[in-house]
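Here's the structure, in structure tokens; my notes come after.
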Amino acid sequence: MRAKIAPSILSCRFAELGREVRAVDQAGAEWVHVDVMDGRFVPNITIGPVIAKAVRGVTSRIVDVHLMIENPDRYIPAFVDAGADFVSVHAEASPHLHRTLSLVRDLEAGAGVALNPSTPLSAVEEVLDLIDLLVIMSVNPGFGGQAFIPGSYEKVARARALVDAHRPGRIEVQVDGGVSPKTAPGLVKAGATVLVAGSAVFGHPGGAAAGVRAVRSAVEELPSGERRV
Ligand code: DX5
Ligand code: ZN
């Protein structure tokens, strides 16, 4: 499976949102990642369904909504209505994860669970039948541009083994936080199939399209046999 790139608009120039999303779309990014924060589950506030809808309006790529919010059930329908293809919730914020994921599925969106760096993979073991996406956070969620936590390579490898043992080829393993041309090759080698990249893409000195190409060429330079494309 070719690794997919999911630029996080959190690091884009919001006054130029449409232009930034079109740039990553045309540069070949397969997904667009939308980070939603509530100032409660994480110490930052970002955006809501109206921005997800604006993104949906300018791209036909996969719109991937990452909810870093308490009580996600209350807002999931609004994000699906806005055009989200995938909605991920945090296991730590969802005491009734089975119900929450069932809600996403009932609304016919892809269902994801995100795990903070301190949360063990066992948090998803009982809901593997209900997920399409497992998000391994490689920073503590809340901000773009943070340093990658090195133990994440090994956690991604264990996540890949877990999903392959349960439902081979059916669950994407996404890694989110500090993904760059430097960290991406090891993550793909460990089994990540979706790479979220915010600052590495939108903070690239050559612009967002150059940022997508830089991540892409880093993962496609892996020696054959190590490449999951
Ligand atoms: C972190 C967000 C990430 C973030 C990634 O809380 O979930 O998606 O935007 O940004 P970078 O790639 O800069 O670490
Ligand atoms: Zn995210």
Give the cross-link partners of Lys53 among the lysines, using a straight C-alpha distance below 18 Å as the criterion and excluding same-chain residues fewer than 8 apart.
-> none
In a shell of Cβ-Cβ distance under 12 Å around Val104, excluding Val104 itself, what net charge do Lys and Arg (+1) and Asp and Glu (-1) give?
-> -3
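Could you work out the relative contact order of the stretch 1-107? I mean the mean sequence separation of Cα pairs under 8 Å and 6+ apart, divided by the number of residues, in percent.
Numbers: 172 pairs, mean separation 24.3, N = 107.
Relative contact order for the stretch 1-107 comes out at 23 percent.
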Excluding residues on the same chain fewer than 8 positions from Lys189, give the aspartates and glutamates whose Cα lies under 16 Å from its Cα.
-> Glu154, Asp164, Glu172, Asp176, Glu220, Glu221, Glu226
Report relative contact order for the stretch 57-207 in percent, whole number only (criteria: Cα-Cα under 8 Å, sequence separation at least 6).
-> 17
Furthest towards positive pole of dipole, Ile62, Ala209, Gly145, structure part the chain, Cβ charges = Ala209
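Out of every Cα-Cα pair in the stretch 133-174, what percent are more than 12 Å apart? Before the final figure, lay out the partial values.
On the way: 515 of 861 pairs.
Cα-Cα pairs of the stretch 133-174 separated by over 12 Å account for 60 percent.
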Gaussian network model of the chain, Cα springs within a sub-10 Å range: biggest mean-square fluctuation belongs to which of Arg61, Arg74, Arg213?
-> Arg74
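Contour minus end-to-end for Arg158 and Asp129, with contour as 0.36 nm per residue of separation and end-to-end as the Cα-Cα distance? Walk me through the numbers on the way to the answer.
Numbers: separation 29, 0.36 × 29 = 10.44 nm, distance 1.75 nm.
Result: 8.7 nm gained on full extension.
Want the number for Arg105 to Glu70: 0.36 nm per residue separation, take away the alpha-carbon distance, what's left? Walk me through the numbers before you get to the answer.
On the way: separation 35, 0.36 × 35 = 12.60 nm, distance 1.91 nm.
Difference between extended and current length: 10.7 nm.
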Here the residues of the stretch 137-161 lying in the modelled label zone of Ile51, meaning backbone nitrogen under 15 Å from a point 7 Å along Cα-to-Cβ, are 142-145
Under the helix-only model (-39500 (n - 2.57) for each DSSP H run of 4 or more, divided by the residues of the chain), the mean residue ellipticity at 222 nm, to 500 deg cm²/dmol, is -9500 deg cm²/dmol
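With the contact rule set at Cα under 8 Å and sequence spacing of 6 or more, what percent relative contact order holds for the stretch 146-229? Intermediate results must be reported in sequence, preceding the final value.
On the way: 103 pairs, mean separation 23.6, N = 84.
The value is 28 percent.
Against the globular-protein guess of 2.2 N^0.38 Å, express the Cα radius of gyration of the chain as a ratio, rounded to two decimals. Don't skip to the end; give the middle numbers.
Values: Rg = 16.0 Å, N = 229, 2.2 N^0.38 = 17.3 Å.
Dividing the Cα radius of gyration by 2.2 N^0.38 Å gives 0.92.
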Using the Cα centre as the reference, give the magnitude of the dipole from point charges on the C-beta atoms of the stretch 81-229 (Lys, Arg: +1; Asp, Glu: -1; all else neutral), rounded to the nearest 20 debye.
-> 480
Roughly to the nearest percent, how much of the accessible area of the chain is carbon and sulfur, given a 1.4 Å probe?
-> 51
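Just the number please: accessible area per residue for the chain, 1.4 Å probe, all protein chains included, in Å².
Working: 9620 Å² over 229 residues.
Each residue of the chain exposes 42 Å² on average to a 1.4 Å probe.
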Treating cross-link reach as a plain straight distance, find the lysines whose alpha-carbon is under 28 Å from the alpha-carbon of Lys182, omitting any fewer than eight places away in the same chain.
-> Lys4, Lys155
In Å, what Rg and Dmax follow from the Cα atoms of the stretch 1-108?
-> 13.7, 39
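The values are calculated or read from the model by the stated rules, or taken from the named source; none is laboratory data. The structure presented is a predicted model; accordingly, all values stated were derived computationally and were not measured. Glycine gets a Cβ as well: all are built from the backbone with ideal geometry, and neighbour counts include every protein chain shown. The area values use the complete protein model at the heavy-atom level, side chains included, leaving out ligands, DNA and RNA. Shrake-Rupley method; radii C 1.70, N 1.55, O 1.52, S 1.80 Å.
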